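The values are calculated or read from the model by the stated rules, or taken from the named source; none is laboratory data. Not measured: the values here are computed from a predicted model. Cβ atoms come from the backbone with ideal geometry, glycine included; neighbour counts cover every protein chain shown. In case anyone asks, the SASA skips ligands and DNA or RNA and just uses the protein heavy atoms, side chains included. Shrake-Rupley method; radii C 1.70, N 1.55, O 1.52, S 1.80 Å.
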Amino acid sequence: GAGVSQTPSNKVTEKGKYVELRCDPISGHTALYWYRQSLGQGPEFLIYFQGTGAADDSGLPNDRFFAVRPEGSVSTLKIQRTERGDSAVYLCASSPTPRPPYNEQFFGPGTRLTVL
Amino acid sequence: AQSVTQLDSHVSVSEGTPVLLRCNYSSSYSPSLFWYVQHPNKGLQLLLKYTSAATLVKGINGFEAEFKKSETSFHLTKPSAHMSDAAEYFCVVSDLGDTGFQKLVFGTGTRLLVSP
């Protein structure tokens, strides 16, 4: 079956611009996660959705970052007034449930964001 | 908060020799631990997971890891390296957080290099 997909695969933007990154989770997965991976680092948690609601957004770095999942499937990560420090690979993951034992997270290939 | 430390940023082995990637964890409760692999331009893939059952966990592609509570370690091993094993490996601990839902905390990664 289809895995997690993310679009675009690459995004280059200028400082100060607004960007949207899209994630299509595996069909039927209720839990959806966003992570950010900076160069040479492991992924860092940003936000977690259970269904349509953001159950945990403690990893969002500041109020320029926002994410939605209006119908409980596709999610969009939105970044306002981008800064060069936002450059990273943004990863999306989904799982059938957030709770063990069926909580393996399946990751998409990521969107590489470059802010010039 | 839960955390993991990967003790080596790079590990180089020859094809056919054993692989050892080291990881120590810090957790205030009995943790769930994972190893993920990331091949270039591909999504993160789960190799194996420990969730308080058997301490020796077998994963895909011949990898295994042993949970040692006394040493707070979860090292990844493979008896014989293959060229296709060259990738970035992440040790990961599950953090339930204040919401009680799982989010993953990644180490900084170990790059495995395999020479012919």
Give the number of residues within the range A:78-112 that are in a strand (DSSP E or B), under 20 Å from residue A:2 (Cβ atoms) and not aromatic (Phe, Trp, Tyr).
6
What residue, of A:82, A:97, is more than 13 Å from the chain's Cα centre (by Cα) and modelled with pLDDT of 95 or more?
A:82
Taking residue A:81 and the conditions (1) out of contact with any strand residue (DSSP E or B) (no Cβ under 8 Å at 6 or more places or on another chain); (2) within 14 Å of another protein chain (Cβ to nearest Cβ), which numbered condition does it fall short on, given that it satisfies the others?
(2)
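Please give the strands (runs of 3 or more DSSP E) falling wholly within the range B:11-110 in which 3 or more residues are under 18 Å from residue A:107 (Cα atoms) and touching an Asp or Glu at 6+ places or on another chain (Cβ under 9 Å). Steps first, please.
Values: elements: B:19-21, B:23-26, B:33-38, B:44-50, B:56-58, B:64-68, B:73-78, B:87-95, B:103-106.
Hits in the range B:11-110: B:33-38, B:44-50, B:103-106.
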Which numbered condition residue B:46 misses (of (1) buried (at least 21 other Cβ atoms within 10 Å of the Cβ); (2) within 23 Å of residue A:47 (Cα to Cα)):
(1)
I want to confirm something. Restricting to the range B:20-32 and keeping residues that are open to solvent by less than 40 Å² (accessible area, probe 1.4 Å), away from chain A (no Cβ under 12 Å) and more than 18 Å from residue B:111 (Cβ to Cβ), which single residue is modelled with the highest pLDDT?
B:25
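Which of the residues spanning the range A:16-42 are exposed (fewer than 12 other Cβ atoms within 10 Å of the Cβ), more than 18 Å from residue A:68 (Cβ to Cβ) and in contact (Cβ under 8 Å) with a residue 24 or more places away in the chain? Full working, then the answer.
Of the range A:16-42, the ones exposed (fewer than 12 other Cβ atoms within 10 Å of the Cβ) are A:16, A:18, A:27-28, A:39-40.
Filter again for more than 18 Å from residue A:68 (Cβ to Cβ), leaving A:16, A:27-28, A:39-40.
Once the filter is applied, which keeps residues that are exposed (fewer than 12 other Cβ atoms within 10 Å of the Cβ), more than 18 Å from residue A:68 (Cβ to Cβ) and in contact (Cβ under 8 Å) with a residue 24 or more places away in the chain, the range A:16-42 yields A:16, A:27, A:28, A:39.
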Selection from the range A:1-46 of residues part of a strand (DSSP E or B), more than 14 Å from chain B (Cβ to nearest Cβ) and of a type in the set (S, T, N, Q) yields A:13
With respect to the numbered conditions (1) part of a strand (DSSP E or B); (2) within 22 Å of residue B:1 (Cα to Cα); (3) open to solvent by 20 Å² or more (accessible area, probe 1.4 Å); (4) at pLDDT 95 or above, which one is the sole condition not fulfilled by residue A:60?
(1)
